[in-house]
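Step one of this worksheet: look at the structure below.
The values are calculated or read from the model by the stated rules, or taken from the named source; none is laboratory data. Everything numeric here is computed off the predicted structure, so don't read it as measured data. Glycine gets a Cβ as well: all are built from the backbone with ideal geometry, and neighbour counts include every protein chain shown. Just the protein is used for accessible areas: all its heavy atoms, side chains included, with ligands, DNA and RNA removed. Shrake-Rupley method; radii C 1.70, N 1.55, O 1.52, S 1.80 Å.
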Amino acid sequence: MDPTLAVLSRALLIVLPEALMLLLGTALLTAGAFVKLSRRTWCALAVATVAIAAATLFSIWNDRADVYASVVLNDTLSRYARLGFLFFTLVILATAHDQVEDSRASDLFGTILILSAGSMLVAAANDLILMFVALELVSIPTYLLLYLPRRDERTREAATKYFFLSIFSSGLLLFGMAYLYGLSGMSNLKALGFAARFVPEVPNIQFGLIAVVFVLAGLAFRVAAVPLHFYAPDVYEGSPAFMAALLSWVPKGIGMIAIIRVLTSTVGGLNSPVADKGFLLAWVIAAASMTLGNTVALLQNNLKRLFAYSSIAHAGYMMTGVAAAFHNTQGSLPLAFGAEGILLYLLAYGLMTLGAFAIIVALGGPDREIATVDDLNGLAKSHPRTAVAMTVFLFSLAGIPPLAGFWGKYQIFASALSSINDDYARSYQYLVVIGLLNAAIGAYYYLRIIVAMYFKTADQALTTKIAWPTGAAIVACALLTIGFGVYPSPTCNVTRRAAIEAIRSPEVTAAPRTATRVVDRSN
Amino acid sequence: MIQSIFLLFSAIGLMAALGTVLSRNLVRAALWLVAFFFIIAVQFVLLEAEFLAAIQVLVYIGAVAILLLFGIMLTRNIQGDETTSASLNTKLIFGALGLALFAVLATAIVSHKGTPERPAWSKIQGRPDDEAGRDGVLTRKDTINNMAKTVGDEMMTRFVIPFEIAGLLLTVALVGAVALARQVGADEPIDRVRKAGFTRDDAPANGSPEGVAEAPGAVASPSH
């Protein structure tokens, strides 16, 4: 067989789960116009699609791609991240199952499926073009989801704000990616990493600097990091609670994975001017996001705004990992890789924030939405088990051992401290000190919610009954938060392997085809 | 000769761009933009990238500009003076942003250094000379002279996955726009619909039995 076709058929096999999800998601979108079913049936169909995609993912689990030729990868990061995205899709579906009227249910769940397929593609992408298209495959359904379930003045404002900022950030990202391409003339990310690392002197290094600035700026919007964070509180507040949950997790997950794939794994490294500039930029973003997010969150009484600022703060912790990841190199064995910390943190963050939002959504009744911290007063009396689950999520968000959130923070700070770079050792230490101070500040507003739940009495007790799908999602998130916390080693092993494989450029036995084809033309 | 033609068209392009920015009428601005797109196509031809020129005309003038004009005509008051006039501060900020963008682009082009094998962009003139093509590997010359074929081949082999996904992206945007524009009953906020037990004029109450049975307010048990 033609070698190009061999690479292609393998790549198509690897994206089979996404292809199935996209196919069935589009089918759901269109079927809604012809078939009338209840929203629960549509949701069950979406869940079945996710199950099929998961089964397909397991069936291609051991397929490997030719890293220098294929547009998709199936390394540890790609496989486990895709599995994670599938799991969190289930949680989101369970949270949203009752939040829309029947006539719009098929649109909503079909769009959620397409969005998840996009996020899975981001994790698998090994090519600048595919990476950008996959990121857009998440953005465009998000605009739709923001305005689909509820139509009032505030939702309209939130959707418009998100839409304009999002296309602006996509423009920045594309601009940066164009420069990344201009640096080497290759769009394959592994080949780009290989060139950046092993070609003795890369000409036109200034393109790398421009690329790092613009790509990081474009992705900072997605992860809600300073300076492109300001949309978050307004958009979260203006959209339905389950959309706020989706917005706090999916863009952050894909943004961070895209940073690992596009930036830290390619241009990162010791003694590289591009990596040093990337480190400085990530340092500033991390410090600013953590401090701003945590201090402003102290003043919030609205729950969605509080979680929006908390999401900005968590983006700051993860950017600390990005700063460390810029200085990680292939072959080194630090105590923790930056990417390792980010991935563990993402998992923990997804569990705790989606769990907390699921509770907020489930408690909201027809006549009473859970909007402020005071609405949770006396929850321990009316819903004792839910209050325990919420406490687990909040403790985990605050980073209290032995919960998943603690290990996320631990790995992030360990990666910053163990980065082998004498020139920047002091900067890393300062960043960790800022991070620890912020974790202490953050604990205050999480504890405030716990105090409200346990020690205050409500004017009017909550009587909402939690629907079983949402309840199951809450229980699953809570159990996993505790489970990863008390027995972290299997997860840590996976994230470590993922980080090592993400920055590895395999030995070139035969000439890497993508790289040579482009270079040869110019010779 | 070629160079002076190039400069002439660049000047016209610059005027078209200024016209886009300065004209107060949105439709005129859009038409200036079409002119600008066309000049870009001309520049591609002068740079001997005929395929790109064709794509530029097809995509930008044929699709983007027409879409833009339709968008303006369907949504705005075309005479609108309000829509295109901005305050001085806004103008200054966006002017500064535009200059900064220009600086970044100019720096990149001017500071580009060549390597021994491959000269800098500013040093390349005309098409590459004949090169000895190796087995199975396209030479630069082949690629440039058969650009449509090369691009087509790459899109159908190496980049077929991103290509198909881009197509799907457009489908999603289209279906999504229809879903958003579809009028189901009235545009009622969900709270009111939920109070009514999720019934709407198009979905009769007996059509969704669980909607009535589990209307959350109907359940009065204090804990779950």
Whether any residue in the range A:154-162 is out of contact with any Phe, Trp or Tyr (no Cβ under 7 Å at 6 or more places or on another chain), surrounded by fewer than 21 Cβ atoms within 10 Å (Cβ to Cβ) and within 7 Å of another protein chain (Cβ to nearest Cβ) is what I want to check.
no
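Right, A:Val100: within 12 Å of chain B (Cβ to nearest Cβ), open to solvent by less than 10 Å² (accessible area, probe 1.4 Å) and either out of contact with any Ser or Thr (no Cβ under 9 Å at 6 or more places or on another chain) or aromatic (Phe, Trp, Tyr) (or both) or not?
So A:Val100 fits the description; yes.
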Please enumerate the residues belonging to the range A:173-186 that are more than 11 Å from chain B (Cβ to nearest Cβ) and part of a helix (DSSP H, G or I).
A:Leu173, A:Leu174, A:Met177, A:Leu180, A:Tyr181, A:Ser184
Could you tell me how many of the residues in the range B:47-73 are assigned to a helix (DSSP H, G or I) and open to solvent by less than 40 Å² (accessible area, probe 1.4 Å)?
7
Inside the range A:144-153, can you point out the residues that are in a helix (DSSP H, G or I) and either open to solvent by less than 30 Å² (accessible area, probe 1.4 Å) or more than 10 Å from every other protein chain (Cβ to nearest Cβ) (or both)?
A:Leu144, A:Leu145, A:Leu146
Report yes if A:Arg426 is surrounded by fewer than 19 Cβ atoms within 10 Å (Cβ to Cβ), touching a His at 6+ places or on another chain (Cβ under 9 Å) and either without any contact (Cβ under 8 Å) to a residue 24 or more places away in the chain or more than 14 Å from chain B (Cβ to nearest Cβ) (or both), otherwise no.
no
Quick check on the range B:26-42. Is at least one of its residues surrounded by 12 or more Cβ atoms within 10 Å (Cβ to Cβ) and more than 19 Å from the chain's Cα centre (by Cα)?
yes
Sort out which residues of the range A:444-474 are open to solvent by less than 50 Å² (accessible area, probe 1.4 Å) and assigned to a helix (DSSP H, G or I), and write them in order of number.
A:Tyr445, A:Tyr446, A:Ile449, A:Ile450, A:Ala452, A:Met453, A:Pro469, A:Thr470, A:Gly471, A:Ala473, A:Ile474
If the requirement is being modelled with pLDDT under 95 and buried (at least 22 other Cβ atoms within 10 Å of the Cβ), which of these qualifies: A:Asn421, A:Asn377?
A:Asn377
Expected single match for within 30 Å of A:Ile114 (Cα to Cα) and in contact (Cβ under 8 Å) with a residue 60 or more places away in the chain among A:His314, A:His327 is A:His314
Looking at A:Ala324, A:Ala336 in this structure, which one is outside any helix (DSSP H, G or I), surrounded by 24 or more Cβ atoms within 10 Å (Cβ to Cβ) and of a type in the set (Gly, Ala, Ser)?
A:Ala336
When restricted to B:Leu14, B:Leu7, the only residue over 17 Å from the mean Cα position of the chain (by Cα), more than 29 Å from A:Phe214 (Cα to Cα) and in a helix (DSSP H, G or I) is B:Leu7
If a residue must be open to solvent by less than 20 Å² (accessible area, probe 1.4 Å) and at the interface with chain B (Cβ under 9 Å from one of its Cβ atoms), how many such residues does the range A:1-60 contain?
8
